Amino acid sequence: LYRNSQTEEAIAQLRELLRMDPHSFEGHMSMASMASKTNDPRTAIDHYRSALQIRENDLSALNNLAWLYDQAGDRAKAIEFAERAYALQPALPEIADTIGWLYHLDGQKEKAIDLLRKAYEGRSGNAEIGYHLAAALNADGQRDEARTVLEQALSGDQVFAERGDAERLLQELKG
């Protein structure tokens, strides 16, 4: 229903599912995902937290909560959830990227760069991770390496939410 632009009907059916089975992990994850996509972060947070009450170590819920709490302005809570995810799966580049980026935003340069390097090494073709590493390197005064990483990251046509920011940073680094 959601994919066919019937968002309200999809949400209504998920609500009914969760009314009948409030312990449906998949129901809470679906509702959280849909709430995120429809710009309802509070509902998304509530449902990811409910999902974690059912499966306390779910990486997707932990990682998504980290992003949502950061967007909501609670960096400490964001880092808490990202650290939990990283403790469970430190080898996953996407998890290392999340915690590394949050450390960068929090001013924890060394931790950020170490984790973002690890993420980038695991997913060097991922433009978003490349941008995150380049931004952290730039903030640490490592402009040449930041430019090199960013040029590689932007050499393809990957679409990601921060592409405009990455392009602006590359222009600044070239200037």
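The values are calculated or read from the model by the stated rules, or taken from the named source; none is laboratory data. Keep in mind the model is a prediction, meaning the values are calculated, not measured. All Cβ positions, glycine included, derive from the backbone under ideal geometry; neighbour counts span all protein chains shown. Just the protein is used for accessible areas: all its heavy atoms, side chains included, with ligands, DNA and RNA removed. Shrake-Rupley method; radii C 1.70, N 1.55, O 1.52, S 1.80 Å.
Can you spot a residue in segment 59-69 that is farther than 25 Å from GLU121 by Cβ, free of Cβ contacts under 8 Å to residues at least 24 places away in the same chain and either more than 17 Å from the chain's Cα centre (by Cα) or not in a helix (DSSP H, G or I) (or both)? Scanning segment 59-69 turns up no residue that is farther than 25 Å from GLU121 by Cβ, free of Cβ contacts under 8 Å to residues at least 24 places away in the same chain and either more than 17 Å from the chain's Cα centre (by Cα) or not in a helix (DSSP H, G or I) (or both).
One line per residue, one yes/no per condition, for (1) in a helix (DSSP H, G or I); (2) within 19 Å of the chain's Cα centre (by Cα); (3) free of Cβ contacts under 8 Å to residues at least 40 places away in the same chain:
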position: ILE129; (1), (2), (3): yes, yes, yes
position: HIS132; (1), (2), (3): yes, yes, yes
position: ALA135; (1), (2), (3): yes, yes, yes
position: ASN138; (1), (2), (3): yes, no, yes
position: ARG147; (1), (2), (3): yes, no, yes
position: ASP157; (1), (2), (3): no, no, yes
position: PHE160; (1), (2), (3): no, yes, yes
position: ASP165; (1), (2), (3): yes, yes, yes
position: ARG168; (1), (2), (3): yes, no, yes
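Going by the structure shown, is ALA119 crowded, with 17+ Cβ neighbours inside 10 Å and modelled with pLDDT of 95 or more? First the steps, then the outcome.
Values: crowded, with 17+ Cβ neighbours inside 10 Å: yes; modelled with pLDDT of 95 or more: yes.
So ALA119 fits the description; yes.
Considering only segment 42-58, how many residues are open to solvent by 60 Å² or more (accessible area, probe 1.4 Å) and either part of a loop (DSSP other than H, G, I, E, B) or of a type in the set (Asp, Glu) (or both)? Spell out how you get there, then give the answer.
Taking segment 42-58 and keeping what is open to solvent by 60 Å² or more (accessible area, probe 1.4 Å), we get 42, 46, 49, 53-57.
Cutting the leftovers down to either part of a loop (DSSP other than H, G, I, E, B) or of a type in the set (Asp, Glu) (or both) gives us 46, 55-57.
Within segment 42-58, residues that are open to solvent by 60 Å² or more (accessible area, probe 1.4 Å) and either part of a loop (DSSP other than H, G, I, E, B) or of a type in the set (Asp, Glu) (or both) number 4.
Rundown of residues vs (1) in contact with a Leu (Cβ under 6 Å, 6 or more places away or on another chain); (2) over 19 Å from PRO41 (Cβ atoms); (3) open to solvent by 10 Å² or more (accessible area, probe 1.4 Å), yes/no style:
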{"site": "SER60", "(1), (2), (3)": "no, no, yes"}
{"site": "ALA66", "(1), (2), (3)": "no, no, no"}
{"site": "ALA78", "(1), (2), (3)": "yes, no, no"}
{"site": "SER124", "(1), (2), (3)": "no, yes, yes"}
{"site": "ALA139", "(1), (2), (3)": "no, yes, yes"}
{"site": "ASP144", "(1), (2), (3)": "no, yes, yes"}
{"site": "ARG147", "(1), (2), (3)": "yes, yes, yes"}
{"site": "LEU150", "(1), (2), (3)": "yes, yes, no"}
{"site": "GLU172", "(1), (2), (3)": "no, yes, yes"}
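Is segment 93-113 home to any residue that is hydroxyl-bearing (Ser, Thr, Tyr), within 17 Å of the chain's Cα centre (by Cα), assigned to a helix (DSSP H, G or I) and at pLDDT 95 or above? Within segment 93-113, one or more residues are hydroxyl-bearing (Ser, Thr, Tyr), within 17 Å of the chain's Cα centre (by Cα), assigned to a helix (DSSP H, G or I) and at pLDDT 95 or above.
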